[in-house]
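Working notes, beginning with the structure itself.
Values in this text are rule-based calculations from the coordinates and carry no lab data. Worth saying up front: this structure is predicted, and the values here are computed from it rather than measured. Methodologically, a virtual Cβ is constructed for each residue, glycine included, from the backbone with ideal geometry; neighbour enumeration extends over all protein chains shown.
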Amino acid sequence: MAKPNPKGPSKTVDVSCAKCKHKLFHYRKGGKGSLVKCFKERIVTDYTDTPCLCPGCGIQFARETLVRGTPAYKMIGGKVTCK
């Protein structure tokens, strides 16, 4: 399997909590589909204190995993929104 491009796309999105609207990441996203996974190397700014937990309301919004041999966050459906 091919690794994701570390430089990544130039388009950035703001990822926020769906429950409390607290900002979680500023992320370089490729494609136009929904956000399913976030590669850690593509996160521009991380606003979380502990990985995968929202600092505003404390819910778990993702799980840490390896995707194609690269560390990533696998998003839990309906827990995050993108702008």
Within segment 46-83, what residues put their amide N at less than 18 Å from the label point 7 Å along the Cα-to-Cβ vector of residue 3? 65-73
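Can you give the Rg to Rh ratio of the chain, both from alpha-carbon atoms, with Rh computed by the Kirkwood formula?
On the way: Rg = 12.0 Å, Rh = 12.9 Å.
On the Cα set of the chain, Rg over Rh gives 0.94.
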Averaged over all directions, how much area does the convex hull of the C-alpha atoms of segment 29-72 cover when projected, in nm²? 3.6 nm²
For segment 12-82, what is the relative contact order in percent, using Cα pairs closer than 8 Å and at least 6 residues apart in sequence? 35 percent
